Amino acid sequence: MKKLLFILTIMMFTAKASAQMIAVNTDVAMDACMAPSLGVELTLGKKSTLNINGLYAANMLGKDIRLAAVQPEWRVYISGRPMFHHYFGAIGLLASYKFSHLADKVYDGDAMGIGLSYGYVWPVTQRLLIDFHTSLGYVAYRQKEYFVGDDYDRHYTNEEGNPYANATGSLLMPLRIGISVSYILK
């Protein structure tokens with residue numbers, strides 16, 4: 001994960017500097033679910049941008065749900081102008097989660113995924129934008145899955161004494177769906 005963040009940071013600083021636009025955003029849908037999000041979108045060329053969104057929730061929806069995720073997304077705008085109207089993109093997902101008390105089970109693990117995205121950016125003012133977005137992707141996960149009350153970390157460990165994941169899998173699912181409010185800084 002540190003390598004990915006390093007690569008994305010390098011990409012941000014090596015992007016073409018002429019007529020560079022930088023916007024900050026928050027996903028209103030995730031904020032409403034008690035998972036505050038913050039993102040930055042910067043232009044990479046005449047039609048493309050890089051959007052990096054992160055979110056964290058300690059008690060999502062008032063339940064014992066912990067979630068931390070980073071979602072990089074490369075967008076190509078059909079209008080030929082970045083941060084304006086329709087776009088298609090490629091999106092990634094890196095997440096760590098722990099869901100407790102869901103059907104008397106605990107799910108504690110990590111996930112990563114990649115997929116395709118589509119969205120529409122509606123300019124409200126010259127600097128204020130509303131972004132409607134959706135995506136679909138392939139997600140692989142590795143998790144500890146056990147019943148509430150089990151002392152899983154003590155009983156299921158490897159030779160080094162670390163608890164191991166007992167469930168892995170993959171599925172096709174939405175990676176990001178929502179409405180974001182963006183403000184162009186530059």
What does the convex hull of the Cα atoms of the stretch 78-130 come to per residue, in Å³, rounded to a whole number?
133
Suppose we look only past 21 Å in the calculated P(r) of the stretch 14-111. What percent of the Cα-Cα pairs does that tail hold?
44
Testing the spin-label approximation: label points 7 Å from Cα along Cα→Cβ at K186 and H86. State their distance in nm.
3.2
Under the rule of at least 5 residues apart or a separate chain, name every residue whose amide H is placed under 5 Å from the amide H of R176.
S135
Normalized C-alpha radius of gyration of the stretch 42-169, against 2.2 N^0.38 Å?
1.38
Cα-projected label distance for K98 with L171, points at 7 Å along beta-carbon direction, nm
2.1
Formal net charge of residues neighbouring A111 (Cβ-Cβ distance under 15 Å; K, R +1; D, E -1)
+2
How many nm is it between the label spots at L116 and V28, if each spot is 7 Å from the Cα in line with the beta carbon?
2.8
Before I look further, what does the stretch 73-186 give for accessible area per residue, probe 1.4 Å, in whole square angstrom?
58
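The values are calculated or read from the model by the stated rules, or taken from the named source; none is laboratory data. Keep in mind it's a predicted model, so treat the numbers as computed, not measured. Please note: Cβ atoms are built from the backbone with ideal geometry, for glycine as well, and neighbour counts cover all protein chains shown. Keep in mind that these areas ignore ligands, DNA and RNA; they rest on the heavy atoms of the full protein, side chains included. Shrake-Rupley method; radii C 1.70, N 1.55, O 1.52, S 1.80 Å.
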